[in-house]
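Asker: One structure coming up, written as structure tokens, with questions to follow.
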Amino acid sequence: MALLNNSRLAWGVAIASLALWATGAPHTFGSVLGFDDDQAATGDATQTIPCLPVAPLVVTPAPQPDASATNSNGAFHLCGPDPQAASAIEQLIGGRGFSASLSARGDGCADLTIQANPQSSVGGSATSHLVVSLGSGKSLDLQITSQGGATHVTIAEDQP
């Protein structure tokens with residue numbers, strides 16, 4: 001055990017390691033820099049140091065998102081029958097499964113939130129019938145049917 005704690009032995013190993021490294025260093029640096037020991041000894045500085053080869057750049061294209069997945073949520077402000085809103089809802093759902101919520105705002109209009117399921121297959125069947133009171137005895141009646149890959153929306157206003 002006393003042999004491992006000897007400082008002379010530690011210094012001897014350090015010096016031997018340094019000497020070994022110093023004698024092998026020109027070969028190591030020469031091979032990395034692209035010249036041999038003969039050129040280093042003669043001082044021939046006319047040779048250019050070649051560049052190391054670079055691995056080719058591999059570009060993998062990113063997957064393009066499905067158009068139906070990017071447009072799976074929608075919000076609509078409805079104040080009565082609106083053919084443009086009905087058409088936009090039909091396009092948003094596009095024959096897929098969906099969830100819908102309709103809430104009154106207190107100003108005679110309602111907010112509709114649609115979330116279409118991008119993973120659902122086209123061709124299933126889903127139906128939602130929502131009715132909300134708009135005040136003054138009026139109500140907004142919304143019927144959404146998604147079946148066989150097609151969606152149909154009816155927006156009606158019921159009055160007293």
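Asker: Checking A100 against (1) at pLDDT below 90; (2) within 16 Å of A156 (Cβ to Cβ); (3) of a type in the set (A, V, I, L, M, F, W, C): exactly one of these is not met. Which one?
Answerer: All conditions are met except number (1).
Asker: Count, please, the residues in the range 83-108 that happen to be assigned to a loop (DSSP other than H, G, I, E, B) and surrounded by 16 or more Cβ atoms within 10 Å (Cβ to Cβ).
Answerer: 4
The values are calculated or read from the model by the stated rules, or taken from the named source; none is laboratory data. Source: prediction; values computed, not measured. Cβ coordinates were reconstructed from backbone atoms using ideal geometry, including for glycine residues, and neighbour counts include every protein chain displayed.
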